[in-house]
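One structure is given below, encoded as structure tokens.
Taken together, the values in this text are just the output of simple stated rules run on the coordinates, not laboratory data. Everything quoted here is computed from the prediction, not taken from an experiment. When we count neighbours, we look across all protein chains shown, and the Cβ atoms used for this are built from the backbone with ideal geometry, even at glycine.
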Amino acid sequence: MAEPTPAQAAAVLRRGGLVAFPTETVYGLGADAASVQAVQKLYAVKRRPADHPVIVHLADAGAAFAWARELPQAARKLAARFWPGPLTLILKRSALAQDFVTGGQDTVGLRVPSHPVAQQLLKEFGNGVAAPSANRFGEVSATTAAHVRDDLGDDVELVLEGGASEVGIESTIVDLSAGNPVLLRPGHLSREELELALGASIAERTGAAPRHPGGLERHYAPRTPASLVPTHELDSHIAQMKKVAVLAFSRPDERVDYWLRMPRDPKAYAQKLYAALRELDSAGCERILVEAPPGAAEWEAVHDRLKRACR
Ligand code: TXA
Ligand code: MG
């Protein structure tokens, strides 16, 4: 059977259906962002609480900014430098961004993805596509079309194929809705790169920041209990377990049932992370042990995801 095309996917969106599509970060589960019925269906399939906002995806910055009522200089700068790309901006919403997309907040999350298939879909559709990651709420995000089918099955009408996501973790989110820029979710674009483009510093998220499920303690989590273990404790943890799966930098240990080696480069590590967690999760072990990566700033996004995947 021929693969479905972006034009077919756009037609599904137009009649209120759900489609999954590749982006450079992770796969998204898309719905027409202007249709309350479509977005409600999206939340039902995702099993996501209705008060959680969803990111709206558009083909270019011009189309995206129509969803915002105020355009700070910082938004122009970041968009000019990083869109299309793995960056989401939180801005004060325009009338296009209705409560069912923003979770009732006065702000909206906007992103212009660079993946060519996402671009084709968004151009073809010609309007905003609301899209969370194409996995069930709280679970490990999907970075291939096969992951999406495994997770969502018949709940998604159509899945566009686009290979393994190049970035592998969700977009960097910067909140520009309240004066000073705030980093809500670290990602592939480092704080340093963002600050350089802005010519200003970016604040840490505080308790007062808007609701966002990426901020829930347990998120991006496999079903098998996982723990983050410092390198020097890996050995003693392994010795205590009957059946264990390990995600590590070093070479396999023969006592271990399932061992995946990860790259020492943080961007390469992020690209492989979710597929690796899924693979270890399906190994049927009592626990997943994750060797803690270095503490350096360039590992911030990976640490953020691992902290939430591990209990
Ligand atoms: O890379 C990505 O961002 C992927 C792809 C598909 O674009 N999408 C994604 O969506 O990760 P989701 O829904 O899994 O995570 C979106 C995050 C959530 O933490 C959500 O709360 C936050 O963005 N968000 C969306 N709109 C927001 C807003 N108005 N204020 C604060 N956070 C917002
Ligand atoms: Mg998600």
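Separation of the alpha carbons by more than 31 angstrom is noted, of K242/K307; K41/K123; K92/K272, for K92/K272.
For the chain, with equal point scatterers placed on the C-alpha atoms only and solvent neglected, what are the log10 I(q)/I(0) values from the Debye formula at q = 0.08, 0.12 1/Å, to two decimals? Each listed q maps to, in turn, -0.35, -0.78. Farthest toward the dipole's positive end in the chain, which of L183, H57, G104, given Cβ charges of +1 (Lys, Arg) and -1 (Asp, Glu) about the Cα centre? Towards the positive end, the residue furthest out is G104. What the Cβ-Cβ distance of Q40 and D60 gives, at R0 = 22 Å and to the nearest 0.05, is a FRET efficiency of 0.20.
Once you sort the root eigenvalues of the Cα gyration tensor of segment 109-241 as a ≥ b ≥ c, which label holds: rounded (a/c under 1.5), prolate (a/b larger than b/c) or oblate (the other case)? Don't skip to the answer; put the middle values down first.
Working: a/c = 1.93, a/b = 1.09, b/c = 1.77.
Judged from the Cα gyration tensor, segment 109-241 comes out oblate (a/c at least 1.5, b/c at or above a/b).
Placing dummy labels 7 Å off each Cα toward the beta-carbon, the span from E286 to E233 is 1.8 nm.
One chain, two ends: R136 and L96. Fully extended at 0.36 nm per residue, the span grows by 11.8 nm beyond their Cα-Cα distance.
Here the chain is treated with +1 on each Lys and Arg Cβ and -1 on each Asp and Glu Cβ, and its dipole about the Cα centre works out to around 440 debye.
Working out 0.36 nm times the residue gap between E204 and D106, then minus their Cα-Cα distance, what length gain in nm do you get to one decimal?
33.2 nm
Here the gap between K123 and R264, fully extended at 0.36 nm per residue and compared with their Cα-Cα distance, gives a gain of 47.0 nm. Taking T25, T143, T102 in turn, the Gaussian network model of the chain (Cα-Cα springs below 10 Å) assigns the largest fluctuation to T102.
Centroid-to-centroid, using Cα positions, segment 234-251 and segment 117-173 are 32 Å apart.
Most simply put, the chain has about 40% antiparallel DSSP beta bridges, counting only bridges with both residues inside it. Report summary: the helix-based calculation at 222 nm, which adds -39500 (n - 2.57) for every DSSP H run with n ≥ 4 and divides by the residues of the chain, gives -9000 deg cm²/dmol. Taking Cβ atoms as reference points and 11 Å as the exclusive limit, the residues near S250 contribute a net charge of 0, counting Lys and Arg as +1 and Asp and Glu as -1.
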